[in-house]
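Undergrad: Below: one structure in structure tokens.
The values are calculated or read from the model by the stated rules, or taken from the named source; none is laboratory data. Predicted model only: the values in this text are computed from it and were never measured. Cβ sites come from the backbone with ideal geometry, for glycine too, and all protein chains shown count toward neighbours.
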Amino acid sequence: MNEAVAAVKRLAAAERLGAVATVVAGPDVGAKAVIDAGTGYVAGALPDDISGDVLADAGELMGREQNRTLQYGAREVFIETVAPQPRLLMFGAGHIAQCLARIAPELGFRVIVADARKTWATEERFPGVDDLVVGWPDAVLDRFELDRRTYVVLLSHDARFEDPVLPAVRSAPVRYIGALGSRRTAANRAQRLRTAGWTEDEIARIHAPIGIDIGAEQPSEVAVSILAEIVRVRYGAGTGLSLRGAEGRIHRRRGEEDGGA
């Protein structure tokens, strides 16, 4: 088996974040290396004069789960991120959750839905989800690691669902925490957390009100709004504004500022 292919398979099997860097133009076309986000180069090799810069840029791109072709002198290098499948943990099995559960897999998410109400958390309402948990949040939190590939969405107005989850994600390296509710609900939640000793930076990690403002009214539209915000957080780019009329590249090159979608 090709060394690079074998290394990528090892990354995937271990659910490790990594990247493949390939020279696609200029001298040394075809040179390839596999990078582990934690340990650096694990297979293959790139020219010595660019390997350090490529490693640094790959680290940034891996953190954002982005792919880019970047210029290094006379060479162009395509850096492709190899990322573990992200998980979407949804607490609350209402209509918005149903819509999210249908759309999120199209974006590559493994979907877990939890609700203590047996009449809501049913296979009929959530066909095809990866995990459907009938129980309180503790039943989910005990089963799944809250790591950097985890996105948490609170979709219940019941404090009994929020209260166990928020302390669990407070110091966890989850990529996204979103909570449904009005601005008043968000403000009240923030005040409760301040009283409980949360810092402003910790509170700011919670996206509430949840989603990007697209004028959503229907549950499916709210789901699109939420997923749009999740995608923006996942890739660490974008403004949430329309691309129409925007100047510059949609996707940045080396040395340029981040751009749109």
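Undergrad: Here is a check on your reading of the model: is residue 81 within 30 Å of residue 226 (Cβ to Cβ) and of a type in the set (S, T, N, Q)?
TA: Criteria met by residue 81.
Undergrad: Additional query: Only one residue in 165, 222 is modelled with pLDDT of 95 or more, over 30 Å from residue 77 (Cα atoms) and either surrounded by 15 or more Cβ atoms within 10 Å (Cβ to Cβ) or of a type in the set (Phe, Trp, Tyr) (or both), so which one is that?
TA: 222
Undergrad: Name the one entry in 203, 230 that is in contact with a strand residue (DSSP E or B) (Cβ under 6 Å, 6 or more places away or on another chain), at pLDDT 95 or above and assigned to a helix (DSSP H, G or I).
TA: Just one listed residue meets the conditions, 230.
Undergrad: Could I ask something else about it? Check every one of the strands (runs of 3 or more DSSP E) wholly within region 37-117 and list those with 3 or more residues that are aromatic (Phe, Trp, Tyr) and within 18 Å of residue 149 (Cβ to Cβ). Walk me through it before giving the result.
TA: Details: elements: 40-44, 68-72, 75-82, 87-91, 110-115.
Counting at least 3 such residues, we get no strands (runs of 3 or more DSSP E) at all.
Undergrad: While we're looking at this one, here's another question. May I ask you to say which residue of 106, 124 is under 25 Å from residue 18 (Cβ atoms), outside the structural domain of residue 17 (by TED's automatic domain parsing) and surrounded by fewer than 17 Cβ atoms within 10 Å (Cβ to Cβ)?
TA: Checking each option against the conditions leaves just 106.
Undergrad: May I pose another question? With the condition kept exactly as written, say whether any residue in region 238-249 is aliphatic (A, V, I, L, M), surrounded by 12 or more Cβ atoms within 10 Å (Cβ to Cβ) and modelled with pLDDT under 95.
TA: Yes, region 238-249 contains a residue that is aliphatic (A, V, I, L, M), surrounded by 12 or more Cβ atoms within 10 Å (Cβ to Cβ) and modelled with pLDDT under 95.
Undergrad: Also, quick follow-up: Across region 146-169, what is the total count of residues that are charged (D, E, K, R) and in contact with a strand residue (DSSP E or B) (Cβ under 9 Å, 6 or more places away or on another chain)?
TA: Going through region 146-169 one residue at a time, the tally reaches 3.
Undergrad: If a residue has to be over 23 Å from the mean Cα position of the chain (by Cα) and either within 12 Å of residue 92 (Cα to Cα) or in a strand (DSSP E or B) (or both) to count, how many in region 123-152 make the cut?
TA: 3
Undergrad: Still on this structure: Go over the candidates 54, 77, 82 one by one and state the one that is closer than 30 Å to residue 141 by Cα and surrounded by 15 or more Cβ atoms within 10 Å (Cβ to Cβ).
TA: From the options 54, 77, 82, the qualifying one is 82.
Undergrad: When region 177-205 is examined, which residues are found to be more than 26 Å from residue 95 (Cα to Cα) and polar (S, T, N, Q)?
TA: 191, 195, 199
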